[in-house]
Amino acid sequence: MEKLVSGGDGLIRENGLVVFVPGALPGEKILYKSGRVKKGFARGVLVEVVEASGDRRVPPCPLFGRCGGCDFMHLSDEAQAAAKALLVQEAFRRLGKKEISLPSIVRGSPWGYRSRIQLHKDRPGATAGFKARASEQVVGVTSCPVAAPGFFQLLASGGRDLPVGRTNAVAVGDTAYVESRDRQVTIEVAGKRLVSALDGFFQSNLELLPALIEAVLASLPSKGGRVLDLYGGSGLFGAFLADRFDVVVEVEQNEAAVALARVNVVGPLHEFHTMSLETWVARQPKSPPSLDAIVVDPPRTGLSSEVLAFLASGPGPTLAYVSCNPDTLARDARTLEASGWTMTNLELFDFYPQTTHVEAVARFVWR
């Protein structure tokens, strides 16, 4: 059934459910088909834009709609940031059961920002590219407006020297490092030289990364004895926490990432635990050493019940929660606040312009 709807805030409400219609913009009149209903919300399929928003634009990339990398390019850059703030606010309303003011969002360059990409080649001699939207097919790419300048030659060549399959690539300055040739890369962030693995995770917007780190640090005491860095990865935050705290306790299950963290987090007293958070939590004594602060940077799935139960014991006075998924952040914030934490600040970072993704840093204090 097709329905004509005007959404002033970019969200459609139908029979008590919020309906997300990818491709529709705030204030537009559209025809859409009702789609799959999930817990607490539904997804629709855009059929036609009857009255377009003034924020709608012709996407500047000819592959938009086919390539799965960008899904917000039809919206002006300014309107993208505003829409992301609204989406976060709605996530807290829907999943956090909490009304929050519209959060501020830090923005950087909308183009040429992405310093980490994954290229795919499905057969010898084919042009390397990105996965198609909602498909495993590869869309050949010879240029990309969001890719950092260091990828220009690699993309222009069609990735002719890349092997069949997936290849991770990182651009630093004018140089592209690729997994098939390089194992590690050194990246300068806010005055520190950090080592990352080509096949590991590292934030891909180097322009905004210092602001994200500063937001985490601003959420914590200016100095202290012990700080817990959960989902510590290769020590991105730990490298800077080491400047403020005597002991950084790094917990990360990926063995290769912990090996890099030992290089990036400088100091003789720091602790490194190679195990899952759930295993580490289960091994904690009833009276663990006191903490001055906690940093969590979970995957998109958010915090597990075991980690939330540990945090519910109030192991430290201050918590900085770094999130790449507003839904799980809002869900976890609800659980944290029910256990005795209070969210005192929430700031967004537009790490991925031209996409719907957004990073966030939330500050919590213990009662």
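Where a number appears in this text, it was derived from the coordinates with a stated rule and is not lab data. It should be emphasised that the depicted structure is a prediction, and the values quoted were computed from it without experimental measurement. Backbone-built Cβ (ideal geometry, glycine too); neighbour counts: all protein chains shown.
Set against the 2.2 N^0.38 Å expectation for a compact globular protein, region 116-197 has a Cα radius of gyration ratio of 1.12.
Here's the picture: a label point sits 7 Å out from the Cα of PHE152 along the beta-carbon direction, and within region 51-74 the residues with their amide nitrogen under 19 Å of it are 61-62.
State whether the chain is rounded, prolate or oblate according to the following rule on the C-alpha gyration tensor (a ≥ b ≥ c being the square roots of its eigenvalues): a/c under 1.5 gives rounded; otherwise a/b larger than b/c gives prolate, and the remaining case gives oblate.
Oblate.
For region 53-130, the alpha carbon convex hull comes to 150 Å³ per residue, rounded to a whole number. The modelled label-to-label distance between SER109 and ASP243, using points 7 Å beyond Cα along the C-beta direction, is 2.3 nm.
At a Förster radius of 22 Å, what calculated FRET efficiency corresponds to the Cβ-Cβ distance of ASN345 and SER305, to the nearest 0.05? With R0 = 22 Å, the Cβ-Cβ based efficiency is 0.30. Stretching ARG93 away from ALA338 to a fully extended chain increases their span by 86.7 nm, per 0.36 nm per residue minus the current alpha-carbon distance. Computed about the Cα centre, the dipole magnitude for region 230-312 is approximately 100 debye when only Lys and Arg (+1) and Asp and Glu (-1) carry charge, each at its Cβ. Remark: THR175, THR167 ranked as THR175, THR167, counting other beta-carbon atoms within 10 Å and listing the fewest first. Gain on full extension, evaluated as 0.36 nm per residue between GLU207 and LYS38 minus their Cα-Cα distance, stands at 57.3 nm. Of the residues GLY173, GLY125, PRO353, the one whose Cα sits farthest toward the positive end of the charge dipole of the chain, with +1 on the Cβ of Lys and Arg and -1 on the Cβ of Asp and Glu, is GLY125.
A simple spin-label model places the labels of LYS29 and GLU136 4.4 nm from each other, with each point 7 Å out along Cα-to-Cβ. Placing +1 on each Lys and Arg Cβ and -1 on each Asp and Glu Cβ, with no other charges, gives region 1-143 a dipole about its Cα centre of roughly 600 debye.
Dimensions of region 209-366 based on its C-alpha atoms, expressed as ranges along the principal axes with the largest first, amount to 41, 32, 29 Å.
Helices in the chain, meaning DSSP H runs of at least 4 residues, each add -39500 (n - 2.57). Divided by all residues, the mean residue ellipticity at 222 nm is -6000 deg cm²/dmol.
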